[in-house]
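Notes for the one structure printed next.
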Amino acid sequence: MPDFETPTDLMNNRGLIADPEGFAREKGAASWLFLCGEEFASVEGGMSYGDVERAVPVSANVVSDPPTPLDLDLARKQIEVLDGLPRPTLVTCRTGPRSSALIYLYAGLQAGAPAEDVLARAEADGARFVQSDELRAWVADGLEQLS
């Protein structure tokens, strides 16, 4: 098994979040990076950035849901925001794939880990993003280009 360890101070969702305040409390979150745009609040099971703001003392919003392209500019913005948030930090998207990809990208960059190790750990952990070729490629490319 690779030396890269599962991130512990960054946590993501694995589905829709029914109770944002309860979710934050259960995870012991000091902060929250919300990756959805406001239109997510209008869909069944969705939530708003206002819900996030009420749930934790410190939060940020970097809209990263489709149709926002997954590219290195987006990764840089997300990483810059994550750097400024107190830990432990929630990172959430609609159902978890993009947020899990960001968590493993960020943690891999912090650890200086190669993409193979990060992807192997994510697979072993059952991270939601590993099922998407696009997200796997985004993490691998980010680890290579942003390190």
Please find, among Ser64, Ser42, Ser48, the residue that is surrounded by fewer than 14 Cβ atoms within 10 Å (Cβ to Cβ) and of a type in the set (Ser, Thr, Tyr). Ser42
For the structure I just gave you, tell me whether Gly46 is in contact (Cβ under 8 Å) with a residue 60 or more places away in the chain and either in a helix (DSSP H, G or I) or touching a Phe, Trp or Tyr at 6+ places or on another chain (Cβ under 9 Å) (or both). no
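Every residue in the range 26-36 that is crowded, with 20+ Cβ neighbours inside 10 Å and under 12 Å from Ala55 (Cα atoms), please. Outline the logic, then answer.
Of the residues in the range 26-36, the ones crowded, with 20+ Cβ neighbours inside 10 Å are 29, 31-36.
Of everything in the range 26-36, those that are crowded, with 20+ Cβ neighbours inside 10 Å and under 12 Å from Ala55 (Cα atoms) turn out to be Ala29, Ser31, Trp32, Leu33, Phe34.
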Go through the range 33-71 residue by residue and tally those that are closer than 22 Å to Gln145 by Cβ and touching an Asp or Glu at 6+ places or on another chain (Cβ under 7 Å). 2
The range 1-25, subset over 17 Å from Ala107 (Cβ atoms) and not in a loop (DSSP other than H, G, I, E, B), residue most open to solvent (accessible area, probe 1.4 Å): Arg25
Output the residue which, of all residues in the range 87-118 that are over 8 Å from the mean Cα position of the chain (by Cα) and open to solvent by less than 10 Å² (accessible area, probe 1.4 Å), is nearest to Val58 (Cα to Cα). Thr89
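Among the candidates Asp51, Asp65, Asp117, Asp73, single out the residue that is assigned to a loop (DSSP other than H, G, I, E, B), over 15 Å from Met11 (Cβ atoms) and among the acidic types (Asp, Glu).
Details: Asp51 fails: assigned to a loop (DSSP other than H, G, I, E, B); Asp117 fails: assigned to a loop (DSSP other than H, G, I, E, B); Asp73 fails: assigned to a loop (DSSP other than H, G, I, E, B).
When all the criteria are applied, what remains is Asp65.
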Residues that are without any contact (Cβ under 8 Å) to a residue 60 or more places away in the chain and assigned to a loop (DSSP other than H, G, I, E, B): does the range 97-106 have at least one? no
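The values are calculated or read from the model by the stated rules, or taken from the named source; none is laboratory data. As the structure is a prediction and not an experimental result, all values here were calculated from the model. Cβ coordinates were reconstructed from backbone atoms using ideal geometry, including for glycine residues, and neighbour counts include every protein chain displayed. With ligands, DNA and RNA removed, areas are computed over all heavy atoms of the protein, side chains included. Shrake-Rupley method; radii C 1.70, N 1.55, O 1.52, S 1.80 Å.
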